[in-house]
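Asker: Once you've had a glance at the structure underneath, I'll fire off some questions.
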Amino acid sequence: MYKHIVVLTGAGISAESGIPVFRSETGLWEQERVEDVATYDGYMRDKNKVHEFYNKMRRSIKTKVPNPAHLALTRLQQEYTKKSPGSTVTIVTQNIDDLHEKAKSENVIHMHGELNSIWCEHCDARYKYYEDSSTETKCNLCGSKKLRPDIVWFGEMPYRMNEIEKALYECDLFMSIGTSGVVYPAAGFCQLARSVGATCVEFNLEKSAVGSSFNYGIYGKASQTLPEFVEQLIENGEYKN
Ligand code: NAD
Ligand code: ZN
């Protein structure tokens, strides 16, 4: 049985819950330039436009619910660790939605921030936030009007990298789900896990940009492939294709 499992999720795991992936034709991301809404320079150019972009997204996820892939990961966290005492399942997500939380997964590491969080540039506090924000919104703690979306933009340092790297160095199974493998550092996690001898498996509709780095891939909709994989892992401690 695997002792330490690290799971990385990307936009693909939430696609079947109706949240468009990064490069889809229907998503909000396609209506704006990344430089305008996902960089600090873009934010400095037009703060309210950026607030409004994330407001729309925050509003749109309120009605979205987790799909069988999110639920399978919660099951893995709860049942695998019970069956194999001392084992750990660490979920790291690039997603800014709240579907892992709605699925009741625990200690999810949001390396790219969260829509339901806000960051005060004046007092540096980050706290849960579910409403619309603008340049007029006052910080709950210091009262200043310097709130920004708590999203890691291009060129900014992802959160909790020390913890993530430690987990990767200790893992013996690394699972990557619904990520295109083009956004670093997450795209390099597989190589890191391989370097310590972990088995690396990717779940995607098709082979991703870094697909060849994995031991093997399971291709198809995550809502179908992941529950089956998790079931076998819990029952037998391993997966047989
Ligand atoms: P991406 O959009 O670049 O790639 C999504 C990947 O998921 C693709 O490789 C696609 O083939 C795969 N996929 C799509 N549907 C799938 C399914 N049903 N089952 C399995 N795989 C499926 O996503 P990324 O690699 O996560 O990078 C995008 C960046 O944009 C991230 O950093 C993230 O912060 C942000 N983003 C987040 C969300 C969200 O929070 N849900 C949505 C869009 C973008
Ligand atoms: Zn403040």
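Asker: Hey, what's the chain come to in accessible area per residue, 1.4 Å probe, Å²?
Answerer: For the chain, the solvent-accessible area averages 48 Å² per residue.
Asker: Sticking with this one: Taking the Cα centre of each part, how many Å lie between the range 88-123 and the range 136-214?
Answerer: 11
Asker: Just how far, in whole angstrom, is the range 67-86 from the range 29-63 if you go by their alpha carbon centroids?
Answerer: Result: 34 Å between the Cα centres.
Asker: Now a separate question. Using amide H atoms built 1.01 Å from N in the peptide plane, name the residues 5+ places from residue 205, or on other chains, whose amide H lies under 5 Å from its own.
Answerer: Residues meeting the amide H criterion: 220.
Asker: Here's a follow-up. Residue 163: accessible area at probe 1.4 Å, nearest 10 Å²?
Answerer: 90
Asker: Within the range 101-241, what whole-number % of the accessible surface is contributed by carbon and sulfur, with the 1.4 Å probe and all protein chains included in the calculation?
Answerer: The nonpolar share, carbon plus sulfur, comes to 47 percent.
Asker: If I take R0 = 25 Å and measure r between the Cβ atoms of residue 241 and residue 195 in this structure, what FRET efficiency does the formula 1/(1 + (r/R0)^6) give, to the nearest 0.05?
Answerer: Approximately 0.55, to the nearest 0.05.
Asker: Further question: How much of the DSSP beta bridge set in the chain is antiparallel, as a percent to the nearest 5?
Answerer: 25
Asker: OK, next. So which residue, out of 112, 122, 70, gets the largest mean-square fluctuation from a GNM of the chain using Cα contacts under 10 Å as springs?
Answerer: So, out of 112, 122, 70, the one fluctuating most is 122.
Asker: As I understand it, the dipole of the range 8-136 uses +1 on the Cβ of Lys and Arg and -1 on the Cβ of Asp and Glu, about the Cα centre. Which of 67, 123, 55 lies farthest toward its positive end?
Answerer: 67
Asker: Let me ask something additional. Of 80, 184, 40, which is the most mobile in a GNM of the chain whose springs link Cα atoms less than 10 angstrom apart?
Answerer: 184
Asker: Could I ask something else about it? Run lengths n ≥ 4 of DSSP H only: what is the helix-derived mean residue ellipticity at 222 nm for the chain, with -39500 (n - 2.57) per run over all residues, to the nearest 500?
Answerer: -8500 deg cm²/dmol
Asker: Report the FRET efficiency, 1/(1 + (r/R0)^6), for residue 156 and residue 215, where r is their Cβ-Cβ distance and R0 is 22 Å, rounded to 0.05.
Answerer: 0.10
Asker: Just to confirm the filter: which GluC sites (Glu not before Pro) across the range 76-156 are DSSP coil and have at most 14 other Cβ within 10 angstrom of their Cβ?
Answerer: In loop regions of the range 76-156 (DSSP not H, G, I, E or B), the sparsely surrounded GluC sites (Glu not before Pro) are 106, 121, 131, 136, 156.
Asker: Further, regarding this structure: Loop-only GluC sites (Glu not before Pro) in the range 192-241, please: DSSP not H, G, I, E or B, and at most 13 other Cβ atoms within 10 Å.
Answerer: Hits after loop and neighbour filter: 206, 238.
Asker: Using only protein heavy atoms and a 1.4 Å probe, report how much of residue 142 is accessible, in Å² to the nearest 10.
Answerer: 60
The values are calculated or read from the model by the stated rules, or taken from the named source; none is laboratory data. Everything numeric in this text was worked out from a predicted model, so none of it was measured. Heads up, the Cβs are rebuilt from the backbone with ideal geometry, glycines too, and the neighbour counts pull from every protein chain shown. All accessible areas refer to the heavy atoms of the entire protein, side chains included, with ligands and DNA or RNA removed. Shrake-Rupley method; radii C 1.70, N 1.55, O 1.52, S 1.80 Å.
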